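Every number here is computed from the coordinates shown, using simple stated rules; none is lab data. Every value quoted in this text rests on a predicted model; they were computed, and no experiment measured them. FYI the Cβ positions are ideal-geometry reconstructions off the backbone, even for glycines, and counts take in every protein chain you see.
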Amino acid sequence: MKNISVIGAGTMGNGIAHVFAMNGFKVNLIDISADALDKALATIEKNLDRMLSKEKISEQEKTDTLANLTKYTDLASGVKNADLVVEAATENVDLKLKIFKQIDENTSDECILASNTSSISLTKIASVTKNPDKVIGMHFMNPVPVMKLVEIINGYSTSKETTNTIVELSKKIGKIPVPANDYPGFVANRILIPMINEAIISLHEGVAGVAEIDNVMKLGMAHPMGPLQLADFIGLDVVLAIANVLFEGFGNPKYAPCPLLVNMVTAGYMGRKSGEGFYKYTKGSKDLVVSEMFV
């Protein structure tokens, strides 16, 4: 396995491309937006420069990594010779099904098709392909170059051979693979999203303020960041999308997203990427200031 195609040049896509390229794989990074591709490569180079300044990589390793990356705006051309395709598009089921149909039409029968989905059924995704045994989940964590975990999701038809191949590949790129089966939210988000949602409910019901809720979890449970700050980091729209997948998938009211979360997303408060969520974010500043909505 030498040729990797990554679909989606956003935060997760550029991180996945970075890791594969840095480990000697030829990577085609694919996005319909040329601007997004340029931004992704600039981000990768910036992250490599940071690693270089900390003496984690050499100048030659930086050069080799960038040389392993090729940009494509045409999906068919970008996946043509791939041994593995990793889809890292927006967490939208209709979009993912459309992309997988296109990938399936333009790759060989030997190619493994992976999704970085954090909650959508791999069995459903695989159903639109001709080789569902070759479809698997590779749920990387953000930031991809730093976080070790890759949640490996087996769809109903995923073969043991496919799983074993992806487990070994994950180890080769310095990750720790943890297999899980195809249920809404898998393991990571089935546990994480209800915790975040419960923190938002606690805020909504006036149990405590933003900083207080986060400090309880940081100081009492040794979490590196509180659940509300983490929600901002993930993106409140993404948190809501996953919460809806859990709610619809299980049909259990305990997974229903908090009305406060729904309203914030509707109003455009997406967290760090929009500049404001539970906290306000100023470019270049590392100080967290609680949003005026909650003061």
### Message
In whole Hz and in residue order, list the ³J(HN,Hα) couplings for segment 7-20 that follow from phi through the Karplus curve 6.51 cos²θ - 1.76 cosθ + 1.60, θ = phi - 60°; x for Gly and Pro.
### Response
9, x, 9, x, 4, 6, x, 5, x, 5, 4, 4, 5, 5
## Note on the structure
Quick shape check on segment 3-181: root eigenvalues a ≥ b ≥ c of the Cα gyration tensor, a/c under 1.5 is rounded, otherwise prolate if a/b tops b/c, else oblate, and it reads prolate
### Summary
With bins of 10 Å, the percent of all Cα-Cα pairs of segment 233-277 per bin from 0 is 31, 49, 18, 1
### Task
For segment 65-127, run through the GluC sites (Glu not before Pro) and keep only the ones in DSSP coil with at most 10 other Cβ atoms within 10 Å of their Cβ.
110
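Taking a ≥ b ≥ c as the square roots of the Cα gyration tensor eigenvalues, with a/c under 1.5 meaning rounded and otherwise prolate when a/b beats b/c, else oblate, which class fits segment 14-63?
On the way: a/c = 2.88, a/b = 1.64, b/c = 1.75.
Oblate.
Among 240-251, 223-234, 275-286, what's the highest-first ranking by average C-beta atoms within 10 angstrom per residue?
223-234, 240-251, 275-286
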### Query
If you add up the charges near residue 47, with Lys and Arg at +1 and Asp and Glu at -1, over every other residue whose beta carbon is less than 14 angstrom from its beta carbon, what do you get?
+3
### Message
Just want the ordering: 213, 32, 166, from fewest to most Cβ atoms lying within 10 Å of their own Cβ.
### Response
32, 213, 166
### Query
R0 = 25 Å: FRET efficiency of residue 223 with residue 250, Cβ-based, nearest 0.05?
0.50
### Query
Going 7 Å from the Cα of residue 101 in the Cα-to-Cβ direction, what parts of segment 111-140 have a backbone nitrogen less than 11 Å from that spot?
128-129
### Task
Distance between Cα centroids, segment 35-74 to segment 1-26: provide it in whole Å.
11 Å
### Query
What net charge is computed for the residues neighbouring residue 279, neighbours being all others with C-beta under 11 Å from the C-beta of residue 279, Lys and Arg scored +1, Asp and Glu -1?
-3
### Distance (nanometres) between label positions extended 7 Å along Cα→Cβ at residue 108 and residue 93
3.4 nm
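To check you understand DSSP bridge types, tell me what percent of the beta bridges within the chain (both residues inside) are antiparallel, rounded to 5.
25 percent
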### Query
For residue 237, what charge total do you get from the other residues with a beta carbon under 10 Å from its beta carbon, if Lys and Arg give +1 and Asp and Glu give -1?
0
### Task
Set Lys and Arg Cβ to +1 and Asp and Glu Cβ to -1, take the dipole of the chain about its Cα centre, and tell me which of 285, 44, 79 lies farthest positive.
44
### Task
Counting only C-alpha contacts under 8 Å and six or more residues apart, can you give the relative contact order of the chain as a whole percent?
12 percent
### Query
If r is the Cβ-Cβ distance from residue 63 to residue 2 and R0 is 22 Å, what FRET efficiency results, to the nearest 0.05?
0.70
